[in-house]
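The values are calculated or read from the model by the stated rules, or taken from the named source; none is laboratory data. From a predicted model like this one, the values you see are computed outputs, not experimental measurements. So basically every Cβ, Gly included, is an ideal-geometry build from the backbone, and we count neighbours across all protein chains shown.
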Amino acid sequence: MTVLDSLTYSGNRQNLKLAPVGADTQLAFVEGDIVDAALAEEVMPNHDAVAHFAAESHVDRSILNAEPFVTASVLWHS
């Protein structure tokens, strides 16, 4: 299993050290952005499925600037 996370304002790598995933030797962490097509292609081989949890969720921040929310939640697969 690979976690690809850009660790923006709400990301916290320490959360991955918590049980049960913290002890999983098959867990790999890659810091990066899902919209980086080259990076996504690099980490996808040998994976059977993708779960996209990269949606930005702080509504107040989306009012100030909607672009990161649209990019991560809508355009990431383009």
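Of note:
- Taking first residues from the range 10-24 that are assigned to a loop (DSSP other than H, G, I, E, B) and surrounded by 10 or more Cβ atoms within 10 Å (Cβ to Cβ) and partners that are modelled with pLDDT of 75 or more and not aromatic (F, W, Y), the Cβ contacts under 9 Å between residues at least 6 apart in sequence or on separate chains come to G11/D5; G11/E31; D24/M1.
- Scan of the range 53-67 for residues that are within 19 Å of D5 (Cα to Cα) and at pLDDT 75 or above, ordered by number: E67
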